[in-house]
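The values are calculated or read from the model by the stated rules, or taken from the named source; none is laboratory data. This one's a predicted model, so the numbers in the text were calculated from it and none came from an experiment. Quick reminder, even Gly has a Cβ in these numbers, built from the backbone with ideal geometry, and neighbours come from all protein chains shown.
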Amino acid sequence: MSAVREHFGSRLGFILAAAGSAVGIGNLVAFPVAATKSGGGAFLLVYALFVFFICLPVMMAELALGRRADKDPVGAYRQLSGGSRPWTIPGWLALFTPFMIAVFYLVVTVWILGYLVETLRGNLDQLATETHFGQFINSPVVFVYLVVLMLGINAILAMGVKDGIERASKTLMPMLFIMLLGLVIFVLTRENAMLGVKYYLIPDFAKIDSAVVSKAMAQAFFSLSLGMGIMITYGSYMKRGDSIPGSSRAVAITDTLVAFTAGLLILPSIFHFDPQIDPTKLSDSSAGMIFLFLPKIFFALQDSIGYFGASAFAAVFFFLVLVAAVTSLMSIIEVPIATLCDERGMERKKAIYTIAAVQVFLAVGCAVSFGMVKFFTQFVTLAGESKSFFDLIELLFYDTILPLNGLLVCLFVIYKWKKTNFDKELQEGDSSFAGSISQKYINFSLGTFIPLMLLLIFINTVALKFF
Ligand code: PFF
């Protein structure tokens, strides 16, 4: 039999843990890269509208679902649908999606850990060379880092929700905020930094087209950890009596502020490195940015602050991204753990070992798919193009399925679980919510244009990625 369900000890603890999930590589790197390419301030505006008018209601829906059912995503859909079989399908999707995203994200986090260690060893000059990344990801040392990372994350998870996830988040998140602020202040005082700030903030509305709108939405969804079963699971650990609307707002604001602030770090750094640069020509992907371009920028800092100073700056940056990635990974790995505990009555420690074993196995498959093992390197052929195992997981799960999962959450909450039950859950701990404009907006939008928009975004993303 499963033990009594653990809950977060305090509202702040929940907010920091959920913000820890939300703040990740998506905020620190993917967001600034996307904003750079897609109209600066114009992208920020579209993104902020999506966060507050579309994503926030979905986050509340996920949290409410989890807290009411007090269960993992599969159990939550099953229980609140009264055991309907078709309605457990979104539950399984909300389990499978995070499981696969975790694998892909683990591999990227392993590289970050590797870059941090190399920087600390004084090898920033090597990281800044063109060939280093390719050599690094194909060297066996990545397996060592993978094991170290998994041991670290699972050790935290093994301590449980309150003593593990919550306590770690309460230490790591404030640390993350301080490091980010420190780096931003340093960068903003560098030469030509203001060119970067201008580039970042001045809106170019001409760049906003359907692809950019779709990108902003997918980015907002990914950044807030929606459609991944995470908020359903964290909702199930939330105390009764805590306000879901209030906590969701705090998480969304924190996440968006961190993403915004990260732009104030990345763009000024780029312009300090080269004031003539055209940032739209830079790498499209977060990985390209973190592992190929940023090390060059950090290395160039030695001209003004010396090699040691540049290495220290780079080390703080990689550590910052590592902390953000680890708190995100904790949340995503927690989803399948919760499912094994809730659905199979498995003991927590056993569930942790089981999930860790399968994920390491799949992560190794990803890690060797850059040339080490041909089977994984040329895993499938899609539209005449050979794709690696890593590429395939990224293509299918990175942001493609998230809007679909979000759409199913909205339909479920409003039409199956029903508005009145949802409202009751939102009003708990927040009496002013009843009858407020927020409540009316959330009820209306979740049953109408939010699912419609998510459907369109899903179709658009699939069309862009696969056809
Ligand atoms: N919100 C996270 C981010 O922006 O990076 C998304 C995420 C990815 C959460 C991977 C958890 C995770 F393991």
Looking at this structure, is residue 175 of a type in the set (A, V, I, L, M) and modelled with pLDDT under 95? no
Just one listed residue, out of 19, 35, 30, 94, is among the aliphatic types (A, V, I, L, M), within 16 Å of the ligand (Cβ to nearest atom) and under 18 Å from residue 336 (Cα atoms), and it is 94
Restricting the range 198-233 to residues that are buried (at least 17 other Cβ atoms within 10 Å of the Cβ) and away from the ligand (no atom under 16 Å from the Cβ), the one farthest from the chain's Cα centre (by Cα) turns out to be 199
The lone condition residue 270 fails out of (1) assigned to a loop (DSSP other than H, G, I, E, B); (2) of a type outside the set (D, E, K, R); (3) in contact with a Pro (Cβ under 7 Å, 6 or more places away or on another chain) is (1)
The residue from 49, 45, 63 that alone is of a type outside the set (Gly, Ala, Ser), under 23 Å from residue 222 (Cβ atoms) and within 16 Å of the ligand (Cβ to nearest atom) is 63
Restricting the range 174-197 to residues that are small (Gly, Ala, Ser) and either within 16 Å of the ligand (Cβ to nearest atom) or in contact with a helix residue (DSSP H, G or I) (Cβ under 6 Å, 6 or more places away or on another chain) (or both), the one nearest to residue 400 (Cα to Cα) turns out to be 196
Residue hits (the range 65-77; under 20 Å from residue 243 (Cα atoms) and over 20 Å from the mean Cα position of the chain (by Cα)) are 65, 67, 68, 69, 70, 71, 76
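Residue-by-condition table, conditions (1) of a type in the set (Lys, Arg); (2) more than 23 Å from the chain's Cα centre (by Cα); (3) at pLDDT 95 or above:
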| position | (1), (2), (3) |
| --- | --- |
| 335 | no, no, yes |
| 348 | yes, yes, yes |
| 362 | no, no, yes |
| 388 | no, no, no |
| 402 | no, no, no |
Here the residues within the range 108-128 that are surrounded by 13 or more Cβ atoms within 10 Å (Cβ to Cβ), without any contact (Cβ under 8 Å) to a residue 40 or more places away in the chain and not aliphatic (A, V, I, L, M) are 114, 118, 123, 126
